[in-house]
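The values are calculated or read from the model by the stated rules, or taken from the named source; none is laboratory data. Treat the numbers as computed from the prediction; the structure is a model and nothing was measured. Note that each Cβ is placed from the backbone with ideal geometry, even for glycine, and that neighbours are counted across all protein chains shown.
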Amino acid sequence: MAINPTALSNTASVLLPPTITGPIFNKAVEQSAVMSLARRVPLSVSAQTAIPVPMDVPVADWVAEGGAKPASQVGVGVKLMTGKKVALLVPVSDEVVMTNPGGLYEQLQQDLPTALARAFDQAAIAGKSIRTGGAGPFADYLALTPNTIALGTATQATGGIYTDLVNAVGQVVNNNYDMSGWAADPRLRVDAMLQTDTLGRPLLGTEMASDTASIAQNNLLGWPAYFNKGVSGRYWRAGDAVQTITVTGTPTGGNFTIASGASVNTAGAWTPATLVVNFNAAAATVQTGIQAWGGIFSTVTVSGSTGGPYTVTFPAITSNVAPESAPITIAATALTGGTNPKVGVVPSGQGGIDSTIRAVAGDWSQAAYGVGMDITFKVSTEANYFDGTTWHSAFQENLTLLLVEAYYGFVMGSPNAFCVATKGTAAF
């Protein structure tokens, strides 16, 4: 969706119109595995909402001529859903807004739905806050199910992960619920495709074709599967404040090159941020090299042993502002000696923690979510905001504040209607 370049700056500071906010929040649904499977119900943002969750079906019977019609109780349980607010405040310099508001909005159109979907899925699946790792806002969440299975439990001779997934469905069906779909991590697709019988023939094939344009809907064992990283909670572009660089294979010489997608301004020219690291470099040497990139890297700390692993940490700005961070990658490897030496980077900080959940199988009629009516996206050049330590004036500091707020609720009829499959010994 494209907008007029002046639309953002000319819109009233209180609330953007539905023509702009609508696509943002519709896209949040598309990017959430849970919202793609669960039922959507109305939600009040000011009071608890009674949500009917079907528990069973009334029983009918045959009637003899002149006989009494049988009666039955309506088997519907009632869950109370409470709206919980999720919010994100983004300060942006006035210069950015004035010079490229259309481009700014296009970026927000991509990032804000992603932020909302990630926060919701982490709370509805794992019961966690994606920012702090603490308890999430919902009393119900899918990981509360007592039904679990570790991938890799079944041997190759007995079907491997194929059998594990079938057993996950079996736990749902055996509890007298109807299996209706999967919420799955994208890595499960790879693990499933790697499964072969004892003659090397694949057990799961093209029914799991990839779709990288949006959340991928495919079939897994005949049921619809929605693949999304919210299932595991390990995201790309997630503000990974702690990243670990590990060298394996015990090299005796050579070097490797680390890089970041960011660029640094050197002598008036923007160049890629890269650093050549010797195989036996000290952590302090790596730290000095990364800090020399400047910008958000200037206060990075690196700890670890000579030759690694090296733990790269981006410090928090304040208690209410997440660390500025950028993903570090391995751009080149020229290590020698040892046994097949390699270098890898694993994000282990905020946004990079893997819950090890790879799939949730279930009867999704037993899950419902609500979206409050007052979903808002506000823009202000005069408001104040608190960074956890200091109050800032947008007017005085030439900032435009972008605030997105939404109310979501989630309830689950019965934990027994679901089964969680964990990584176990699966390759990915």
**Asked** Do we have any residue at all in region 134-142 that's modelled with pLDDT under 90, over 25 Å from Lys378 (Cα atoms) and surrounded by fewer than 21 Cβ atoms within 10 Å (Cβ to Cβ)?
**Response** yes
**Prompt:** Pick from region 26-43 the residues that are under 16 Å from Val86 (Cα atoms) and touching a strand residue (DSSP E or B) at 6+ places or on another chain (Cβ under 7 Å): which of them is modelled with the highest pLDDT?
**Reply:** Met35
**Asked** From the set of residues in region 120-133 that are in contact with a strand residue (DSSP E or B) (Cβ under 9 Å, 6 or more places away or on another chain) and in contact (Cβ under 8 Å) with a residue 40 or more places away in the chain, which is surrounded by the fewest Cβ atoms within 10 Å (Cβ to Cβ)?
**Response** Lys128
**Item:** Pairs with Cβ under 8 Å, 6+ apart, first in region 160-173 and touching a residue at least 60 places away in the same chain (Cβ under 8 Å), second aromatic (Phe, Trp, Tyr)
**Value:** Val169/Trp223; Val172/Phe418
**Message:** Looking only at residues that are within 23 Å of Ser232 (Cβ to Cβ) and surrounded by fewer than 20 Cβ atoms within 10 Å (Cβ to Cβ) in region 171-186, which one is modelled with the highest pLDDT?
**Reply:** Ser180
**Message:** Quick check on Trp293: is it assigned to a strand (DSSP E or B), more than 16 Å from Gly344 (Cα to Cα), out of contact with any Leu (no Cβ under 7 Å at 6 or more places or on another chain) and modelled with pLDDT under 90?
**Reply:** no
**Fill in**
Among residues of region 138-157 being in a helix (DSSP H, G or I) and under 23 Å from the mean Cα position of the chain (by Cα), the residue farthest from Leu194 (Cα to Cα) is Leu144
**Prompt:** So, in region 292-306, of the ones that are under 29 Å from the mean Cα position of the chain (by Cα) and of a type in the set (S, T, N, Q), which residue ends up surrounded by the fewest Cβ atoms within 10 Å (Cβ to Cβ)?
**Reply:** Ser298
